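What follows is a short report on a single structure.
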Amino acid sequence: MRHPVLLALFAAGCGILPFGSKDDDRGVFDDSDADVDTDTDADTDTDVDLDEVSVVFKTSGAYSGNLVEIAGSGPPAAAADTLCQLSAEGGGLTGTFKAWISTANVDAIDRIDNVGPWYLTSGDQVFLNASGLVGSPAVGIEYDERGDVTIDSAWTGTQSGGRWSGVDCDSWSYGNGGGDGTTGSGYNDSWTDSSDRPCSETHPLICFEQ
């Protein structure tokens with residue numbers, strides 16, 4: 001019969017830690033843990049006060065391409081703004097919000113005031129200023145007004161650079177088959193122009209605080 005005390009002394013002399021050690025649950029010592037920084041605040045802005053910064057989010061609600069009818073009234077871009085504002089208020093966000101949306105009469109880039117930087121409801125910074133809207137976001141716009149993840153592509157009618165794509169569900173007044181609207185999704189330029197989708201599909205909107 002092997003004596004447990006002798007085995008323990010032998011293991012210690014060889015530098016072997018027993019399984020179940022608090023230093024390594026696998027029984028293999030790894031001193032790299034000693035240098036690991038467990039403070040994640042340097043990588044994520046979990047302490048951002050959303051009442052003190054400008055917010056951008058993707059609506060939890062999804063809509064057909066007939067935004068005018070869904071909002072109840074207004075010119076197309078204003079109808080999209082109404083849906084953004086209702087979503088923001090439903091999520092407990094303060095401030096005024098506009099949709100990232102283009103029509104033949106107005107480009108999305110010209111609708112957004114330079115009140116950045118903009119943050120997601122997760123606390124991550126997305127755009128430093130309005131000039132950045134012509135490029136790529138720092139992270140994907142994949143959080144809604146409540147802070148929940150949403151990866152659906154959003155109606156934009158907007159090509160890369162912030163200008164009208166020419167594909168906008170008949171100025172956001174058509175929600176049936178046979179028409180298309182530009183949508184955006186992702187981390188690069190495709191955040192505003194990833195594909196044209198049928199107007200009968202339902203997609204969220206991207207909303208910027210103003």
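The values are calculated or read from the model by the stated rules, or taken from the named source; none is laboratory data. Here the structure is a predicted model, which means the values were calculated and not measured. All Cβ positions, even for glycine, are placed from backbone atoms using ideal geometry, and neighbour counts span all protein chains on display. SASA here: full protein model, heavy atoms, side chains in, ligands and nucleic acids out. Shrake-Rupley method; radii C 1.70, N 1.55, O 1.52, S 1.80 Å.
Here are a few things to note about the model shown:
- The per residue volume of the convex hull around the alpha-carbon atoms of region 88-173 is 109 Å³.
- List ARG111, ARG163, ordered by accessible area with a 1.4 Å probe, largest first: ARG163, ARG111
- Between GLU89 and THR202, the distance separating the two model label sites (each 7 Å from Cα on the Cα→Cβ line) works out to 2.1 nm.
- Heavy-atom accessible area order for ASP193, ASP144, largest first, 1.4 Å probe: ASP193, ASP144
- Computing FRET efficiency as 1/(1 + (r/R0)^6) for ASP47 and ASP148, where r is the C-beta to C-beta distance and R0 is 22 Å, gives about 0.70.
- Listed residues LYS58, LYS98 arranged by accessible area, highest first, probe 1.4 Å: LYS98, LYS58
- Computed lengthening from ASP189 to ALA62, 0.36 nm per intervening residue step minus Cα-Cα distance: 43.5 nm
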